[in-house]
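Have a look at the structure below, then the notes.
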Amino acid sequence: MDTTTEQPKGLDTTDFFAVAKERRSVRQYDPNHKMERSEIKEILETAILAPSSSNLQPWRFLVIEDQTAKEELLPIANNQKQIVDASVVIAVLGDKYAYKNADQIYTQIAKKGNMSDEIKEMYVNSILDNYGNFPEERLSKISLIDGGLVSMQLMLAAKAKGYDTVPMGGYDADEFVKTFNVPNHLEPVMLISLGKGTKAGFEKTRLPLEDVLEWNKY
Ligand SMILES: Cc1cc2nc3c(=O)[nH]c(=O)nc-3n(C[C@H](O)[C@H](O)[C@H](O)COP(=O)(O)O)c2cc1C
């Protein structure tokens, strides 16, 4: 479906509500627009402010910027044109074993004076003990949930910076892992094309809130 000639809406504001309203999944991009790594990093720096389970930040990013690598990804991602036309594709990955970084993370927190060394030790030991005994499936679920949160924040940050995105689940994850040498402990959450959109995404349509909302108990 390709029904609009409307351009993606450029925003003259970073007001949260305007950004959330105007972000759309954009599938047409200017293939000549190159993004500086510094701009991509700025967007990612905002994305990683997202919350995560026990603040373990299991997200990892593979930024695919080389055209040849994007061409390699194209058939793996159902030949979706945004793969090759957007400035970059960001593969958001989840690290199932991110809990192993608990000491590094909680030492940072303690250094900021937000926690005594003693409490820090207690937290770290409890995380290592709990997460270390979780079944793989649960670890995977946690990293996928946190990966979703960081992805959303990435897309909103991009929109606030004047860029467009589209999240993608339509790709062969196993083939992606193989081709891009993704290490075993990481699993793909989604791919996100990021760049200068040339055509607006579809106007938002959502189920009425009343259809998806209940109060207190089902
Ligand atoms: C996890 C996930 C996977 C998606 N996969 C694809 C995809 O493979 N290709 C695509 O064009 N859009 C994909 N989308 C985009 C959705 O179609 C889009 O978010 C939805 O239609 C709502 O439109 P909006 O993002 O413009 O609000 C995906 C979205 C999500 C959240």
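Structural remarks
- Whole-number D in µm² s⁻¹ for the chain, Kirkwood Cα-pair radius fed into Stokes-Einstein, 37 °C, 0.692 mPa s: 172
- GNM result for the chain, Cα springs below 10 Å: residue of Gly113, Gly148, Gly169 fluctuating most strongly: Gly113
- Kirkwood hydrodynamic radius of the range 27-77, from inverse mean 1/r over distinct Cα pairs, in Å: 13.5
- Among the listed pairs Lys70/Lys161; Lys34/Lys199; Lys9/Lys161; Lys9/Lys196, those whose Cα-Cα separation exceeds 19 Å are Lys70/Lys161.
- Mean residue ellipticity, 222 nm, helices only, the chain: the sum of -39500 (n - 2.57) across DSSP H runs of n ≥ 4, divided by residue count and rounded to 500, is -13000 deg cm²/dmol.
- Its relative contact order, with pairs defined as Cα atoms under 8 Å and 6+ residues apart, puts the range 16-212 at 38 percent.
- Considering all different alpha carbon pairs of the range 103-218, the Kirkwood hydrodynamic radius works out to 18.5 Å.
- In a DSSP loop and with at most 15 other Cβ atoms within 10 Å, there are no GluC sites (Glu not before Pro) in the range 109-199.
- Net charge of Cβ neighbours under 14 Å - reference Lys34; Lys, Arg +1; Asp, Glu -1: -3
- Scalar couplings 3J(HN,Hα) for the range 160-169, obtained by applying the Karplus form with A = 6.51, B = -1.76, C = 1.60 to θ = phi - 60°, are 5, 8, x, 10, 10, 8, 9, x, 9, x Hz; x denotes Gly and Pro.
- Selection of trypsin sites (Lys or Arg not before Pro), the range 163-218, meeting DSSP coil and at most 14 other Cβ within 10 Å: Lys204, Arg206, Lys217
- Of the trypsin sites (Lys or Arg not before Pro) in the range 25-77, the ones in a loop by DSSP (not H, G, I, E or B) with at most 16 other beta carbons within 10 Å are Lys34.
- Within straight-line cross-link reach of Lys141, lysines at Cα separation under 17 Å, skipping those fewer than 8 residues along the same chain: Lys96, Lys100
- The charge dipole of the chain, taken about its Cα centre with unit charges on the Cβ atoms of Lys, Arg (+1), Asp and Glu (-1) only, comes to about 320 debye.
- Distant-in-sequence amide H partners of Val166 (H built 1.01 Å from N, under 5 Å): Val26, Ser193
- Sorted largest first, the principal axis extents computed over the alpha-carbon atoms of the range 134-173 equal 41, 22, 7 Å.
- Here the Gaussian network model covers the chain, with springs between Cα atoms less than 10 Å apart; of Thr198, Thr46, Thr68, Thr68 fluctuates the most.
Read-outs: derived from the displayed coordinates by stated rules, not from any lab. Since the model is a prediction, treat every value here as computed from it, not as a measurement. Note: ideal-geometry Cβ built from the backbone for every residue, glycine included; neighbour counts use all protein chains shown.
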